[in-house]
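Below is one structure; the comments refer to it alone.
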Amino acid sequence: MRANQSRVSEFLLLGLSRQPQQQQLLFLLFLTMYLATVLGNLLILLAISVDSRLHIPMYFFLCNLSFVDTCFSSTTVPKVLANHVLGSQTISFSGCLTQMYFLFEFADMDNFLLAVMAYDRFVAVCHPLHYSAKMTPQLCALLVTGSWVTASLNALLHTLLMARLSFCADNAIPHFFCDVTPLLKLSCSDTHLNEVMILTEGALIMITPFVCILTSYVLITCAVLRIPSTKGRWKAFSTCGSHLAVVSLFYGTIIAVYFNPLSFHSSEKDPVATVMYTVVTPMLNPFIYSLRNRDLKGALQKVIGRKTCSS
């Protein structure tokens, strides 16, 4: 009987709305944000790769962040767009688990890279004379590789915990992707272990980098306050403020959606909140971390100029 319950071949992704007019609007909104995400991140990747002046730790981390954000958004949005065009809501059981795995992995990578970039800025601002000695290519490679390994193992853990569960006849997910919370609600098995791992190990994975980010920016703020120029202080504060705004949006929605008991979750509010970190944040990251940077803007102008001349 347990085997029969677990043989769910597919799930139905109900999306954010069942109203045809709202679905059309959401399709255009998701398509626009996805194109902006892919275009913005690919331009940054191209600009950093062709300009040798940008081959330094800060842009190495930004390059990784752009790649991760493109993959993160591509894990969910194309499926939403394809389902709308094809008039289908289905996703296979294996496809659902695969989507969940990559969502965990890229969300964790975003999390780690934001912390690494904050540490890089801390060293650059607070210890400028020792920056080259501390942020060596070996350390940068180790930080990124360690982030990938940790993110992959964490994603694998939660995916395997989900795969062991049994599911009943109800296979409708009130969401636009295979998120862990609605899947746990559909399960007929005991989900206590899954919830405990999310609230303990998952919280540790998310909160530790968040604390590192806050600590880095507090120390950066203390260093900025010692700048004699008012203009210099304002520029530094505005840059740090924009970074912290994106960080707050990313972490705020994740903590609100996942780090609560299942009884506190809402099938109406949770999907809307997840849009913020799965779609909006990957779109904002390249602009927030690059538009205030002269070197990167110069490289982007050269890249766009070359394309215009060649065409």
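The values are calculated or read from the model by the stated rules, or taken from the named source; none is laboratory data. Just so it is clear, the model here is predicted, and its values are computed rather than measured. Methodologically, a virtual Cβ is constructed for each residue, glycine included, from the backbone with ideal geometry; neighbour enumeration extends over all protein chains shown. These area figures cover heavy atoms from the full protein model, side chains too; ligands, DNA and RNA do not enter into them. Shrake-Rupley method; radii C 1.70, N 1.55, O 1.52, S 1.80 Å.
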Kindly indicate whether any position in segment 269-276 is open to solvent by 50 Å² or more (accessible area, probe 1.4 Å), part of a helix (DSSP H, G or I) and modelled with pLDDT under 75.
yes
Residues of segment 233-268 classified as charged (D, E, K, R) and either at positive phi or at pLDDT below 70 (or both), total:
2
Within segment 88-96, is even one residue in contact with a helix residue (DSSP H, G or I) (Cβ under 8 Å, 6 or more places away or on another chain), part of a helix (DSSP H, G or I) and more than 21 Å from Asn285 (Cα to Cα)?
yes
When you go through (1) among the aliphatic types (A, V, I, L, M); (2) more than 22 Å from Asp270 (Cα to Cα); (3) within 24 Å of the chain's Cα centre (by Cα); (4) open to solvent by 50 Å² or more (accessible area, probe 1.4 Å) one by one for Leu16, which number turns out not to apply?
(2)
Please determine whether any residue of segment 7-29 is in a helix (DSSP H, G or I), in contact (Cβ under 8 Å) with a residue 12 or more places away in the chain and out of contact with any Leu (no Cβ under 9 Å at 6 or more places or on another chain).
no
Does segment 132-154 contain at least one residue that is touching a helix residue (DSSP H, G or I) at 6+ places or on another chain (Cβ under 9 Å), among the aliphatic types (A, V, I, L, M), surrounded by 12 or more Cβ atoms within 10 Å (Cβ to Cβ) and closer than 30 Å to Leu14 by Cα?
yes
Filter segment 53-78 down to the residues that are farther than 30 Å from Ala133 by Cα and surrounded by 18 or more Cβ atoms within 10 Å (Cβ to Cβ) and list them by number.
Thr70, Phe72, Ser73, Thr75, Thr76, Val77
